[in-house]
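Data block below; observations after.
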2 protein chains.
Amino acid sequence: MNWSINEHQYNKNRTELNGNKFLIGNGYMGYRGTLDEHGKEHLVSCVMSGLYDKVGNSWREPINAPNGLYTKLYCDGEWISVVSAEPHKHQQSLDLKHALHQRETIFKTNHGNQIQIQSERFFSLDHVHLICMKYSFKANQDCQIVIETGIDGDVWDINGPHFKQITNGTNGDLLYVQALTQELGYQLTVSEAAEIPFGKQQIVSSEHSIIRRITVDAKSGKPYVFHKYVSVFSSNDPVKDCGQEAFVSSLEALKKGYPALFQAHQQLWEQRWQQSDIEIIGDPEAQLALRYSIYHLLVIAPTHSDQVSIPARGLSGQVYKGAVFWDTEMFMLPFFMYTNPEIARNLVKYRCHTLGGARLKAQEYGYRGAFYAWESQDTGEDACTLFNITDVFTGRPMRTYFRDKQVHISADVTYGIWQYYLLTGDESILLEGGAEVILECARFFYSYAYFNKDKARYEILDVTGPDEYHERVNNNIFTSRMVKYTLEVALDVLKILKQKYKKEYNRLVDKLHYQPDLAKIVEMNEQLYIPQPHPTSLVIEQFDGYDKLEDVSLKDIKSRVIHPNEYWGGGNGIATGTKIIKQADTIAMLNMFKDQYSHEVKKANWEYYEPRTEHGSSLSPCLYSLVAADIGNADWGYKYFMKTATIDLTGESKQYVGDLYIGGTHPAANGGAWMSAILGFAGVNANEKAITIKPKLPTRWKAIGFNLCWRDQKFHIKISKSVIEIRASKDNTFTSLFIINGKPIECIAAQEKKLIY
Amino acid sequence: MNWSINEHQYNKNRTELNGNKFLIGNGYMGYRGTLDEHGKEHLVSCVMSGLYDKVGNSWREPINAPNGLYTKLYCDGEWISVVSAEPHKHQQSLDLKHALHQRETIFKTNHGNQIQIQSERFFSLDHVHLICMKYSFKANQDCQIVIETGIDGDVWDINGPHFKQITNGTNGDLLYVQALTQELGYQLTVSEAAEIPFGKQQIVSSEHSIIRRITVDAKSGKPYVFHKYVSVFSSNDPVKDCGQEAFVSSLEALKKGYPALFQAHQQLWEQRWQQSDIEIIGDPEAQLALRYSIYHLLVIAPTHSDQVSIPARGLSGQVYKGAVFWDTEMFMLPFFMYTNPEIARNLVKYRCHTLGGARLKAQEYGYRGAFYAWESQDTGEDACTLFNITDVFTGRPMRTYFRDKQVHISADVTYGIWQYYLLTGDESILLEGGAEVILECARFFYSYAYFNKDKARYEILDVTGPDEYHERVNNNIFTSRMVKYTLEVALDVLKILKQKYKKEYNRLVDKLHYQPDLAKIVEMNEQLYIPQPHPTSLVIEQFDGYDKLEDVSLKDIKSRVIHPNEYWGGGNGIATGTKIIKQADTIAMLNMFKDQYSHEVKKANWEYYEPRTEHGSSLSPCLYSLVAADIGNADWGYKYFMKTATIDLTGESKQYVGDLYIGGTHPAANGGAWMSAILGFAGVNANEKAITIKPKLPTRWKAIGFNLCWRDQKFHIKISKSVIEIRASKDNTFTSLFIINGKPIECIAAQEKKLIY
């Protein structure tokens, strides 16, 4: 079985893409897949999760820590690197099973010597502040080798520099770089312990950096190996003295040594895969792509804190401001809920933690309740600007309505909390802020809605749905249905609290002065207008007036493009006046509420919207895949599944919108690939009562095997073309209900079921 | 006293501008101020009022009739014209008093001869189908002169050609060109009788044209004079056979002869001026500009039909589709109501006539009642397209929201009807469709409005106010206040009908099924949200969120302009995200409801918005002038008055938006100049009960004298710095009430009052 991603030659033009492709991380930090000798111009970046900084009027963005892996090699004075010369042989690899990055490169020097460099690195999952590196070299002629390795504080930033008062120095045998963030004055310390059993060492420090210079007379054919233990702490961490913590961490790592540290890391990763892996029989390409997608979700998943979540570009850089979008709830959370509920809980708690920011945003726009940030950072205040994109034709900032009109975000947040609660049964989430968030989101929508007296209905006006090419529309099907969902959930939450947690119910209703809103929310829930399928075509109009837009083909609209990076939406975009949509919108709604629409309606809408969707967002294809599977056409969905699952392997995605770089990894697509496979092709659909399974495997898949967590229970499920096998884990505590193609099946601890379907 | 406009030399580059400047017409037709020898490339145009045509997918636009004034002169084979040679001397003149166009040009031929050409033309006010021309020439050496004169059917069109089945021929001594319009197949006939007492005549016809070729051996120094009588009829006129009518008309004119025809025309014009003129003592420049403005209103005023109105560019061409905008009600109607109420009635009736189109538009957008066309032509269906402007940067059509969001048009129509009724006392207008229009406009607004339950108020959302640079805004002060006005008027109309015309009331309420809407309109009128002055600054926010826009100076925003014709509004315009507004919006509202706001509020808003107004519309400056006068700062307003009054004299106005030519005359500014002088500086403000006068003359004006019609009475009023003289006409039938600076003064027939104020 293939657990490895490789590139077998070095290609300068792929440095940026490989930075994403070979990303490693542990949820606390992410590290781009650059090589040891790369610098800021190659977008080396050690991104800190949840630590943001703002300089002047530029966007707030996450901080890149000083690079403790900085390493350069000189042979007889000649810099040996992929930057300065074409390597003779090169391989870069990623071991998905253990989140281990490796490279091996052979260079020929100007003097005919041959130098082999090998290195590997991992970001410890056992101790998330720790980065470990092993580096070795070998020359085939005697020569003088100089190694420079240390901490480089001159980091790549989009809107930096983010550090002030940068100091560096040594502490015993340790090197360190220490700095304060510009905006909030957080202290950040990076320390490095090294185990270098050869050569003479000199310490060289400059303004931002401190390095060791090791000089060794290398013998022909002899391998020289050293290890580094880099620790990163900030004063945003729950520690007393982050400098001290970093020192202790590096020293302890040095004491334990690389093999032991890797072993601890490896064990945890193997446990993770036991929970998360999917086996696909009959389709090795899909197998690798899906595993790779899961890998990407796991390297960025926060295990260390419930006050951070996963940004839209994961931990692959500062793109999209390191901000958390609806992507997390709608595309990543399902994977975590079904496989790693403790991580899912962290993601959900982050929204409770950021309720204050959402309240401020609602107030800013004259509403009540919680209007969540479209681009959420540490406090939940909205990092999204009103002028997000630059017009390529005029170079001017372009007004977009992501921040103020994409109100569905508050419904998406509600959806995340509620789904987490339903699938895990974890009522504590409601008591620890979840209920409050949901009630505030419902209240926000009440204050946002208008009543159309002439038509005796509430309407949700002036919104931007997922299809961002059509801004400020009325009665967008996705948004309106999600608003109704929020109202329904708010009423359910209140019922649950009232029944089971009367005291908490009273406390919350009092605290929020919610009593007067109760009847309003009941009324709005009954009278909210939801666009309905057309009586004959069954198509649901995406928003008021969509039907009147120009019906142009994707091919034709592409022929109108003048500038390759021009934005298709906004006031004057080429899609704005047409039926071409950026991404699934009606289809997204039909996926979420699949039980409430007939097969015919879902099919009619899939067929109508599919040729009109540009998939300008990486969130789009997986939804078409999901609904294709739902309507029994798995093979229609397969190409969308593969597009989604391979996005970070191929690097084929939009890299620019206007002059804005939007490259990086695509965790929402990674999550979407998992959704396509499990919720789509395997046909899993759980609620609080049962796990429904209605498989529709693509033709080329012989079988799929995976694990599921559901309400404190764990199952291994294997689905072939005609058989479903369910193996309940031994620690099951109660009887679980499956519904297999409509038939109820009960399953208790340690039981195995085999069913022909 | 100066009644004449002149240019003393010929400038090729001013051909287009002079076409506007020297416009003549009679309300049935307009004729651009081009010269006899000009052709379609010089925008020669004889625009027909109310006769439209559409070719293919192009805009519908008014029709240019075949040019019956076409005349060329050759001397010994050499074409003598401003087109082919620089004239030796040239003068073009317009006699404002009689709407008479004259030219006199002296040419030197290649052979050293000197040719003088004189011509004059008028569009008969006595018989609006008739165009008369006198043409004379003189050579100072013997030579052969050839005159070509006839009817040229190869006319200038923006979106033509508008004719099919063009035929031409002779009928006895008459020439004619006859054609059908492409879209609706209206027949149009142009016939020409000529009185040419010299030379040999030949008839030459080509595909579109028919001309007489006159050859004469001209004697040195001898003047040769001829006359032409051109008649234009269409099957849209209330005649049986428009061809026959044209022939009869030309023959009768020939019989009467030029002097008699001119005399009849002249008399009517002198009567008009008796009603319409304004005398300004102490400011000859303002005097001429104001008279010129009034001239422009009079040449385009429809006297012949109550089914046409005045287009935004008058009868100066096909610009703006020859469509009628809010300009008519808000900027032109006041002049006519106060001076020519019978013409005002025609303008108002036009809106009754086009109610059907307004109903269709409301239905198209899912509303009830009457949503009047933003650009109204013959049927009242909206000629405005959704993509009105071309983006200069991409060459693509740009989506604007004039058509679907400038809903204030239905309130403006209501305002016109109601003001006409109040100032004339003509109740018949209500019975002949006016009441129905008003009720349907109120109903439209009810169906358009939304109720904000959270704030317990109706709101008017998603509109574009007069300031078109900010589209799709909520709670625009101008729009919302005008909507409320419409509701108030609808309730007043119902009260009047119920009291005085019970039968008509019942018939109308039944016909419209209006009973269920009555209570709704009462409620909405009580609960409609109207933005209020800020408690401390007293500024009224133009719309929700205006306060948060970038506050940039006009100078700064101009420095951002990249392309001279770029559109400042729309999705990405340079004004869109700023506080810079295209034209008076809040100030327009304060002018209309001046009695309802304090001096302090008006002053605060004038001072706030004035530096933020671009005056990108010619409708804007007069409103600043009006409110400046109202707050007692006539001299602040004077520059805006002069800007407005001279717009068609100087030609200094935007000629292009995107690549769209918007040149032409500016009747709304012409009307605005009158409003500034009479309603502003003279301080006239009449309602159904009294005429209030609160003069605030600009410093340089010693006195102003003018006539006023009010409820079947006529007055001459003269206002100097401290004295107001009122002379009531002899045919007054009842006692009129004046309120002079707050004091009531009664005035009866033939009475003269002299008051110190």
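The values are calculated or read from the model by the stated rules, or taken from the named source; none is laboratory data. Because the structure is predicted, anything quoted here is derived from the model rather than measured. Ideal geometry is used to build each Cβ from the backbone, glycine not excepted, and the neighbour counts take in all protein chains shown. For the accessible areas, the whole protein counts, side chains as well, though only heavy atoms, and no ligand, DNA or RNA atoms are used. Shrake-Rupley method; radii C 1.70, N 1.55, O 1.52, S 1.80 Å.
What is the spread of the Cα atoms of the range A:76-115 along each of their three principal axes, largest first, in whole Å?
Each principal axis gives a Cα extent; for the range A:76-115 these are 40, 15, 14 Å.
If each Cα of the range B:112-167 is one equal point scatterer, what is log10 of I(q)/I(0) from the Debye formula at q = 0.27 Å⁻¹?
Cα-only, vacuum Debye calculation for the range B:112-167: -1.11.
Under 8 Å for C-alpha pairs, at least 6 residues apart: give me the relative contact order for chain A, rounded to a whole percent.
With pairs under 8 Å counted, the relative contact order is 11 percent.
Please identify every one of the GluC sites (Glu not before Pro) in the range A:650-757 that sits in a loop by DSSP and has no more than 16 other beta carbons within 10 Å of its own beta carbon.
Here the sparse-neighbourhood loop sites are A:Glu652, A:Glu688.
Report the percentage of all Cα-Cα pairs in the range B:419-550 whose separation exceeds 22 Å, rounded to a whole percent.
The answer is 45 percent, as a whole percent.
Against the longest alpha carbon principal axis of chain B, how many degrees, from 0 to 90 and to the nearest 10, is the axis of helix B:355-364 turned?
Here the helix axis deviates by roughly 60 degrees.
Bin all alpha-carbon pair distances of the range B:357-446 at 10 Å intervals from 0 and give each bin's fraction as a whole percent.
All Cα pairs, binned at 10 Å, distribute as 17, 41, 26, 12, 4, 0 percent.
Quickly rank B:343-350, B:670-677, B:221-228 as a protection proxy: mean count of other C-beta atoms within 10 Å, highest first.
Per-residue mean Cβ counts within 10 Å order the peptides as B:670-677, B:343-350, B:221-228.
How big is the equivalent ellipsoid of the range B:477-544 along its three axes, where each semi-axis is √(5λ) from the Cα gyration tensor, reported in whole Å from largest to smallest?
So the equivalent ellipsoid measures 33, 11, 9 Å along its semi-axes.
Can you tell me the mean projection area, over all orientations, of the convex hull of the range B:541-606's alpha carbons? Units nm², please.
5.4 nm²
Along each of its three principal axes, how wide is the spread of alpha-carbon positions in the protein assembly as shown, in whole angstrom units, largest first?
Principal extents (Cα only, largest first): 119, 80, 66 Å.
As an exercise, find the ratio Rg/Rh for the range B:288-329 from alpha-carbon atoms, using the Kirkwood inverse-distance average for Rh.
Taking Rg over the Kirkwood Rh, I get 0.98.
Nearest 20 debye, what's the magnitude of the dipole of the protein assembly as shown about its Cα centre given +1 on Lys and Arg Cβ and -1 on Asp and Glu Cβ?
1140 debye
What does the buried accessible surface come to for A and B, summed over both chains, with the probe at 1.4 Å? Round to 100 Å².
Using a 1.4 Å probe, the pair buries roughly 3000 Å².
Give me the Kirkwood hydrodynamic radius of the range A:211-312, using the inverse of the mean 1/r over all pairs of distinct Cα atoms, in Å to one decimal.
17.8 Å
Please report, for B:Lys164, the nm distances (one decimal) from its label point, 7 Å out from Cα along the beta-carbon direction, to the equivalent points in the remaining copies, shortest first.
Result for B:Lys164, in nm, nearest copy first: 7.7.
For a quick protection proxy, order the peptides B:70-76, A:590-596 by their average other-Cβ count within 10 Å, most packed first.
B:70-76, A:590-596
Determine the alpha carbon to alpha carbon distance for each of A:Lys455/B:Lys502; A:Lys602/A:Lys753; B:Lys21/B:Lys643; A:Lys498/A:Lys730; A:Lys21/A:Lys321; A:Lys200/A:Lys222 and list only those over 27 Å.
A:Lys455/B:Lys502; A:Lys602/A:Lys753; A:Lys498/A:Lys730
If you build the convex hull over the alpha carbons only and average its shadow over all orientations, what do you get for the range B:31-71? Give it in nm² to one decimal.
3.2 nm²
Taking the C-alpha atoms of the range B:105-254, how large are the radius of gyration and the largest Cα-Cα span, Dmax, in Å?
17.1, 53
Tell me, what ³J(HN,Hα) does each residue in the range B:614-622 have, in order and in whole Hz, if you take phi through Karplus 6.51 cos²θ - 1.76 cosθ + 1.60 with θ = phi - 60° and put x for Gly and Pro?
7, 6, x, 10, 6, 7, 7, x, 4
In whole Å and largest first, what semi-axes does the C-alpha gyration tensor of the range A:219-271 yield when each eigenvalue is scaled by 5 and square-rooted?
Its equivalent ellipsoid spans semi-axes of 28, 17, 9 Å.
Along the principal axes of its C-alpha atoms, what lengths does the range B:404-443 span, in descending order and rounded to whole Å?
Cα extents, longest axis first: 33, 17, 11 Å.
Looking down the axis that turns A into B, which residue of A has the closest beta carbon, and how many Å out?
Residue nearest the A-to-B axis, with distance in whole Å: A:Gly571, 0.
Once both axes come from the Cα atoms, what is the angle between helix B:258-276 and the longest principal axis of chain B, in degrees from 0 to 90, rounded to 10?
Long axis of B:258-276 versus the principal axis of chain B: about 20 degrees.
Would you tally the net charge around A:Lys40, using a Cβ to Cβ cut-off of less than 12 Å, leaving A:Lys40 out, and scoring K and R as +1, D and E as -1?
Charge balance near A:Lys40 sits at -3.
When each copy gets a label point 7 Å from Cα toward the beta-carbon at B:Lys453, what are the spacings between them in nm, shortest first?
1.4
Test of understanding: express the Cα radius of gyration of the range A:1-74 as a ratio to 2.2 N^0.38 Å, with N the residue count.
That ratio works out to 1.27.
In peptide B:569-579, how many Cβ atoms from other protein chains are near each Cβ within 10 Å, on average?
Per residue, the number of nearby Cβ atoms from other chains is 4 on average.
For the range B:522-658, report the convex hull volume of the alpha-carbon atoms normalised per residue, in Å³, without decimals.
Once divided by residue count, the hull of the range B:522-658 is 145 Å³.
P(r) tail for the range A:426-499, what percent of Cα pairs lie past 21 Å?
When every Cα pair of the range A:426-499 is considered, 37 percent fall beyond 21 Å.
Could you check how much of the accessible area of the range A:462-566 is carbon and sulfur, as a whole percent, using a 1.4 Å probe?
53 percent
Let me check the size of the range A:307-463 from its C-alpha atoms; what are the radius of gyration and Dmax in Å?
In Å, with Rg to one decimal and Dmax whole: 16.4, 53.
Would you kindly work out, in nm and rounded to one decimal, the distances from the label point of A:Thr385 to those of the same position in each other copy, ordered shortest first, with label points 7 Å along Cα-to-Cβ?
In ascending order, 3.5 nm.
Just to be sure I understand: if I project the alpha-carbon convex hull of the range B:207-247 onto a plane and average over all orientations, what area do I get in nm²?
The directionally averaged projection comes out at 4.8 nm².
Hey, could you get me the Stokes-Einstein D for the range B:71-141, Kirkwood radius over alpha-carbon pairs, 4 °C and 1.567 mPa s, rounded to whole µm² s⁻¹?
97 µm²/s
State the Cα centre-to-centre distance between the range B:77-112 and the range B:214-261 in whole Å.
The range B:77-112 and the range B:214-261 have Cα centres separated by 22 Å.
Any chance you could give the angle, 0 to 90 degrees and rounded to 10, that helix B:435-448 forms with the longest Cα principal axis of chain B?
60 degrees
Would you mind giving the mean number of other chain beta-carbons within 10 Å of the Cβ of each residue in B:52-64, as a whole number?
Mean partner shielding for this stretch: 0.
Given +1 on the Cβ of Lys and Arg, -1 on the Cβ of Asp and Glu, and no further charges, what dipole in debye does the range A:284-404 carry about its Cα centre, rounded to the nearest 20?
Once rounded to the nearest 20, the dipole reads 140 debye.
Picking from A:Asn159, A:Trp710, B:Ile587, whose Cα lies most toward the positive end of the charge dipole for the protein assembly as shown (charges on Cβ: Lys, Arg +1; Asp, Glu -1)?
Most positive-ward Cα: A:Trp710.
Using all C-alpha to C-alpha distances in the range B:618-757, build P(r) with 5 Å bins and read off the rounded percent in each one.
P(r) for the range B:618-757, in whole percents per bin: 2, 10, 18, 19, 16, 13, 9, 6, 3, 2, 1, 0.
Viscosity 1.002 mPa s, temperature 20 °C: give me the Stokes-Einstein translational D for chain A in µm²/s, with Rh taken as the Kirkwood radius over C-alpha pairs.
In µm²/s, the coefficient rounds to 79.
To the nearest whole number, what is the average tally of beta carbon atoms from other chains within 10 Å of the beta carbons of peptide A:447-455?
Going residue by residue through A:447-455 and averaging, the value is 6.
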